[in-house]
Amino acid sequence: MSKKGLLVLVLILILGTIFYLFIAKNQNQNSFQSAKSQDVNFLEVELESLDLNFAYAADFVYSDTFNLVFKVGGLLEQGEVELERESSFKKNQLLFQINNRKAFSQYLQVKNQFRATFDNANQILEKLLLPNEILKWKNFTSSLSENQLITDFPVISSREEQKLIQDLNLLKSYTELKKLESNMTNYFFLAPFDGKVLELNAKVGSNIEKNKTVALLVSNKTRILKVVMDSVDFHQISSVQKVWVESNDFVQSLDWKAKTVVNSGSKVMLLFKGTNWNGLSNKKVYRFKLQGKTEKKFACIPSAFIREGKVKQASTNRLTKVVIQKSVKDSSFVEGLKTGMKIIP
């Protein structure tokens, strides 16, 4: 090969090497820029508890209500207090009564007949029994007066007593008389607690049917705060930082552990008892508020990373389905991702 040819060959080799190095440099630079761009845009997932902030309407309800019902019918008469809607009363006050003159007269008639029979029995027993055995029958006889309740029937302790009672049919007569006496209590209604009248369905002087509700009574010391919230919200609460009820002029902390929970499908009713509800209106709606944490942990990621409910993994470009629990501005709290997973938009 001539010197000229050798020189051309060397020149070609040099130019080829320079061109190769230029191409390789550009490829490496592009790969570095691509990798750098990927490092900048991927996000490493971290799981955290979701802060909860719930607000629901709440109102006061009475927990102890009572239907004023008579087991007998008749003319309704005034008790110790003049009752109308919102009227207050004290425990054991006579609220209403049913006219019992006819029933009481019948009761006294039967009671007097029983006493006359028993007086005859006593005269016989005094001849048959010892003095200490006669004493129990005399004590029983004293309870048969008009203004006393009949005591329990004496214990039979001898054959003589047993025979006399059977001959005079005393035990059966006593049972019938006690039934009449017990029935007399059905003509009176004593207040079961301190409270007031919520509803009044009858007036004094009207004829009341048996088992008809005359009034709805409510205790004034057992009001509770009622909150109805979504079941989904309730069941995701793992810890409570603060819970309270408020209105424009009232704020009261609540004890979360002291609540009563009533499940009803998609809703949960929470009941809070309290002793300092005095002065608060039953007609006013209050706001129940809760701050806490969720039971599950979620990933907080930019909403732009989510496409049609899925996110892309950086290492494999595979799509992973996520469930959005909550969105705040440009971020979303999602389920379905693991700690340390790298995702890209």
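Please treat every number below as a calculation from the coordinates, not as lab data. Bear in mind that the values here come from a model prediction, so they are computed numbers and not experimental data. Note that we place each Cβ from the backbone using ideal geometry, even for glycine, and neighbour counts take in every protein chain shown.
Miscellaneous remarks
- The slack between K90 and S231, meaning 0.36 nm per residue of separation minus the straight C-alpha distance, is 46.8 nm.
- Calculated from backbone phi, Karplus (6.51, -1.76, 1.60) coupling profile of region 104-117 in Hz, x at Gly/Pro: 5, 5, 5, 4, 5, 4, 5, 5, 5, 5, 5, 5, 4, 5
- Placing pseudo-labels 7 Å out from each Cα toward the beta carbon at A55 and V72 gives an inter-label distance of 5.8 nm.
- Simple spin-label estimate for K342 and L190 in nanometres, 7 Å along Cα-Cβ: 8.3 nm
- Amide H partners (placed H, <5 Å) of F298, local residues excluded: E48, S49, L50
- Here the Kirkwood formula, the inverse mean of 1/r across different C-alpha pairs, assigns region 160-279 a hydrodynamic radius of 20.4 Å.
- Of the two radii for region 213-270, the radius of gyration is 1.06 times the Kirkwood radius, both from the alpha carbons; that is the Rg over Rh value.
- Alpha-carbon centroid distance for the pair region 282-345 / region 196-212, whole angstrom: 59 Å
- Pairs with C-alpha atoms separated by more than 23 Å, drawn from the list K111/K179; K257/K293; K91/K284, are K91/K284.
- Extension gain for L128-Q291 works out to 50.4 nm (0.36 nm per residue, less the C-alpha to C-alpha distance).
- Extension gain, S157-N112: 0.36 nm per intervening residue step, less the Cα-Cα distance, totals 13.6 nm.
- Summed side-chain charge close to S63 - residues other than S63 whose Cβ falls under 12 Å, Lys, Arg +1, Asp, Glu -1: +3
- Convex hull volume per residue for region 101-185, taking Cα atoms only, in Å³: 82 Å³
- Eigenvalues of the alpha-carbon gyration tensor of region 42-97, scaled by 5 and square-rooted, set the equivalent ellipsoid semi-axes at 58, 13, 9 angstrom, largest first.
- Placing a pseudo-label 7 Å from each Cα along the Cα-to-Cβ vector at V251 and S239 gives an inter-label distance of 2.3 nm.
- Pairs of Cα atoms nearer than 8 Å and 6+ residues apart set the relative contact order; for region 185-250 it is 28 percent.
- Set K102/K212; K212/K259; K136/K163; K71/K172; K90/K212; K138/K210 screened for pairs whose C-alpha atoms are more than 28 Å apart: K212/K259; K138/K210
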